[in-house]
Amino acid sequence: QVQVVESGGGLVMVGGSLRLSCTASGIITSNSRMGWYRQAAGKQRELVADITSGGSTNYADSVKGRFTISRDNAKNTVYLQMNSLKPEDTAVYYCRLQISYSMYWGQGTQVTVSS
């Protein structure tokens, strides 16, 4: 059974930084995509960034230049380094693991950016 667990959320001031981590466990194939999504209050869930097992990345325009996604395949772990945080980055951040056509979601971690 595949499980996905996030950590690293919290409260930070505008302009600050946070690092999120997500570890997947269970039967993980070498060909997978891991990513971060977020959902702000009253809004739809949106892609923040994702990364393939080969290291190809994809970012939302709103976070380009501020956020960096990376992964450690040996640990089945993906990281999201978030710098220059803005109030509009406030949301619940979810990790998603995609293996072929199967999707696995974490429980989410709250990120709050205070001014």
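The values are calculated or read from the model by the stated rules, or taken from the named source; none is laboratory data. If you're wondering where the values come from, they're calculated on a predicted model, not measured in any experiment. Heads up, the Cβs are rebuilt from the backbone with ideal geometry, glycines too, and the neighbour counts pull from every protein chain shown. Only protein heavy atoms, including side chains, enter the accessible area calculation; ligands, DNA and RNA are left aside. Shrake-Rupley method; radii C 1.70, N 1.55, O 1.52, S 1.80 Å.
Table for the structure above
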quantity	calculated
Residue within region 95-111 that is more than 12 Å from the chain's Cα centre (by Cα) and farther than 23 Å from Gln3 by Cα present	no
Of residues in region 10-52 being hydroxyl-bearing (Ser, Thr, Tyr) and closer than 12 Å to Asn76 by Cα, the one most open to solvent (accessible area, probe 1.4 Å)	Ser30
Every pair of residues 6+ apart whose Cβ atoms lie under 7 Å, when the first sits in region 1-23 and is in contact (Cβ under 8 Å) with a residue 40 or more places away in the chain and over 22 Å from Gln98 (Cβ atoms) while the second is open to solvent by 70 Å² or more (accessible area, probe 1.4 Å) and of a type in the set (D, E, K, R)	Val14/Lys86
Within region 1-45, tally of residues that are farther than 22 Å from Asn83 by Cβ, in a loop (DSSP other than H, G, I, E, B) and not small (Gly, Ala, Ser)	9
Residue that is nearest to the chain's Cα centre (by Cα), among those in region 73-86 that are more than 17 Å from Thr109 (Cβ to Cβ) and open to solvent by 50 Å² or more (accessible area, probe 1.4 Å)	Asn83
Single residue of region 87-101 satisfying the filter (over 12 Å from Leu20 (Cβ atoms) and in contact (Cβ under 8 Å) with a residue 24 or more places away in the chain) that is most open to solvent (accessible area, probe 1.4 Å)	Glu88
Boolean, Asp61 is acidic (Asp, Glu) and surrounded by 16 or more Cβ atoms within 10 Å (Cβ to Cβ)	no
Region 63-74 residues that are closer than 11 Å to Thr52 by Cα, paired with ones that are of a type in the set (D, E, K, R) and modelled with pLDDT of 95 or more (beta carbon under 9 Å, 6 or more apart)	Ile69/Asp50
Hits in region 66-86 (condition: closer than 16 Å to Ser17 by Cβ and of a type in the set (Gly, Ala, Ser))	Ser70, Ser84
Top-ranked residue in region 46-65 [being assigned to a loop (DSSP other than H, G, I, E, B) and at pLDDT 95 or above; ranked as farthest from Leu18 (Cα to Cα)]	Ser56
